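The next block holds one structure in the form of structure tokens; read it before the comments.
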Amino acid sequence: MQTIFLFHKKGKNKYSIPACDSIQGDEIPRSMLRDDLTLVDVSEVDVVRHYRKLSSLNFGVDNGMYPLGSCTMKYNPKINDVVAMLPQFAMQHPATIEETGQGALHMMYQLQQMLCQITGMHNFSLSPAAGAHGELTSVMIIKKYFETKGEKRNILLIPDSAHGTNPASVAMCGFEVKEIPSDSDGDVDLTKLEDALNEHVAAMMLTSPNTLGLFDRNILKIADMLHSKGALFYCDGANLNAVVGKVRPVDMGFDIMHVNLHKTFSTPHGGGGPGAGPIGVVEKLAPFLPVPIIEKADRYYLQYNRPLSIGRIHSFFGNFMVMLRAYTYIMMLGSDGLRNVAEHAVCNANYLRTKLCNHFQVPYNRICMHEFVINDEGLPNGITTNEVAKRLLDYGFHAPTVYFPLIVHGAMMIEPTETEHRDTLDAFADAMLTIKKEAAQNPALLKKAPVTTPVRKVDAVLAARKPVLKWDD
Ligand SMILES: *Cc1c(COP(=O)(O)O)cnc(C)c1O
């Protein structure tokens, strides 16, 4: 892989940067001014070709199916980018005053309202920059809620199928994590929950539907059990794509939740960002939301006067461009369209599960929601999940999420999303069956796959132990 620095040749670029005469006096301290910068000397065409080439080496949703379970890698309608690139939005400075920023505030206010409608929550804050950030913000709210009530509660309950960010957010806020096992159906084990529940429990954090792609059939019972002990019920909303427009988290008994705008409501987010993780709360938790909240009187304004608020958790107002894309996506689909998203996502996952379950182990093989989990049990010649995942790239598919959730050994978590056509699902299933045949007939090939990609199999252990993080190392 070449970096742009390899095209450097002194004097190759013909641009000249005029001497800077606009800096007056000591605006920049003398000690920090430099005569020479290590800029690369490359021509414009070098730059364009280099980055165009790099962009084609990567795999993305625009290249092929990306069934990365729990991440909801759906196709991103291009209209979202068109709207996000409108100069009226893109060029607006975050410090714009309220009077001239009414259009941006209008969009944010409407998005807050739409999220309230979709989830049934009373208020939303758009500030958190990701799902994990939404979790952290929510746990801070939970903490402040009980402090304000004068109750000492120091435990949060988390099922063993949870995403790693859940216990991390909880621990960062100084709570103790108590893990609740799943039962043999993949639901929360109610007996274990009963045993763990006491007056020290502040809340339970549950992903709904859960990371096995299953809707917990006891959800209302769990909510009752928590509420009867004065605890709160938190929804990790990363899997909202499965139920959006069909059922509202508030009706499942949740008091507080985050939504991953970059999953359920599109926005390209491979490689870690950007994202937005707005949080919604029932009325009694609303006073604790972070500032600012967008409110409306004769015009839109930013409300900072919230005495019980946990304070500010992001500079300015959050990731505005992600909000714009989510807003556009929701407006384009409307409520019928959103319901359709959930129905197709669930239908696609069950179609694929049914096709694969005769050839691969499906540990919790029942009607699933938007995703399902298979494992590597019984694959010939000891071929592993990792080897199947790498070989899929040779057939033009991104790998599913692997080795998660942790409660399934050798897990492959497949989320086709609503945007894939049946032909693509069939092609994916065919590729999986071909790989299974290869595992029997040519295991050596699987061990060195992928063999057709620009970057071949990476030595993951070496990459973790001796990471090279600088281009000129
Ligand atoms: C993606 C995900 C998260 C974390 O969200 P980020 O936006 O990546 O921070 C939390 N829980 C579940 C179940 C997820 O899938």
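If the limit is 27 Å between Cα atoms, which of 144/246; 152/296; 390/466; 263/390 go over it?
Working: 144/246 32 Å; 152/296 36 Å; 390/466 22 Å; 263/390 24 Å.
Exceeds cut-off: 144/246; 152/296.
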Practice prompt. If a/c stays under 1.5 just call it rounded; otherwise compare a/b with b/c (prolate if a/b is bigger, oblate if not). Do that for the chain, with a ≥ b ≥ c from the square roots of the Cα gyration tensor eigenvalues.
Written response: oblate
Worksheet item: Along the range 30-47, what does the Karplus equation 6.51 cos²θ - 1.76 cosθ + 1.60 (θ = phi - 60°) give for ³J(HN,Hα), rounded to whole Hz, x for Gly and Pro?
Response: 3, 5, 9, 7, 10, 7, 10, 10, 8, 7, 7, 8, 9, 8, 4, 5, 4, 5
Practice prompt. Quote the relative contact order of the range 79-332 in percent (integer), defining contacts as alpha-carbon pairs under 8 Å separated by 6+ residues.
Written response: 28
Discussion item. Just to confirm a number: summing +1 for Lys and Arg and -1 for Asp and Glu over residues other than residue 343 whose beta-carbon lies under 10 angstrom from that of residue 343, what do you get?
Written reply: +1
Worksheet item: What net charge do the residues around residue 162 carry, taking every other residue with its C-beta under 9 Å from that of residue 162, with Lys and Arg at +1 and Asp and Glu at -1?
Response: -3
Item to complete: Sum up the charges of everything whose Cβ sits under 9 Å from the Cβ of residue 109, counting Lys and Arg as +1 and Asp and Glu as -1, but leave residue 109 out.
Response: 0
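Leaving ligands, DNA and RNA out of it, rank 343, 199 by accessible area with a 1.4 Å probe, largest first.
Details: 343 85, 199 115 Å².
If we order 343, 199 from most to least accessible, we get 199, 343.
Could you give the accessible area per residue of the chain, probe 1.4 Å, as a whole number in Å²? Intermediate values should be presented prior to the final figure.
Numbers: 23270 Å² over 473 residues.
Per-residue accessible area for the chain comes out at 49 Å².
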Worksheet item: Relative contact order for the range 113-238: what is it in percent, counting Cα pairs under 8 Å that are at least 6 residues apart?
Response: 23
Discussion item. Whole angstrom only: what separates the Cα centroid of the range 175-217 from the Cα centroid of the range 39-75?
Written reply: 39
Fill in: Cross-link partners of residue 448 among aspartates and glutamates (Cα-Cα below 13 Å; sequence separation of 8 or more within a chain)
387, 394, 438, 459
Worksheet item: Which far-off residues, 5 or more places away or on another chain, put their amide H under 5 Å from the one on residue 41, with H placed in the peptide plane?
Response: 9
Worksheet item: What's the carbon and sulfur percent of the chain's accessible surface, probe 1.4 angstrom, rounded to a whole number?
Response: 55
Worksheet item: How about residue 9: which aspartates and glutamates have a C-alpha closer than 14 Å to its C-alpha, ignoring those fewer than 8 places off in the same chain?
Response: 41, 44, 46
Item to complete: With +1 on each Lys and Arg Cβ and -1 on each Asp and Glu Cβ, and nothing else charged, work out how big the dipole of the range 150-256 is about its Cα centre, in Debye to the nearest 20.
Response: 300
Worksheet item: In sequence order, what are the phi-derived ³J(HN,Hα) couplings for the range 299-306 according to the Karplus relation 6.51 cos²θ - 1.76 cosθ + 1.60 with θ = phi - 60°, rounded to whole Hz, with x for glycine and proline?
Response: 8, 7, 8, 9, 8, 10, 7, 9
Worksheet entry | Relative contact order [Cα under 8 Å, 6+ residues apart], the chain, whole percent | 18
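The values are calculated or read from the model by the stated rules, or taken from the named source; none is laboratory data. In this text, all values refer to a predicted model and were calculated from it rather than measured experimentally. Every residue, glycine among them, receives a Cβ derived from its backbone with ideal geometry; neighbour counts consider all protein chains shown. Side chains included, ligands, DNA and RNA excluded: accessible areas come from the protein's heavy atoms. Shrake-Rupley method; radii C 1.70, N 1.55, O 1.52, S 1.80 Å.
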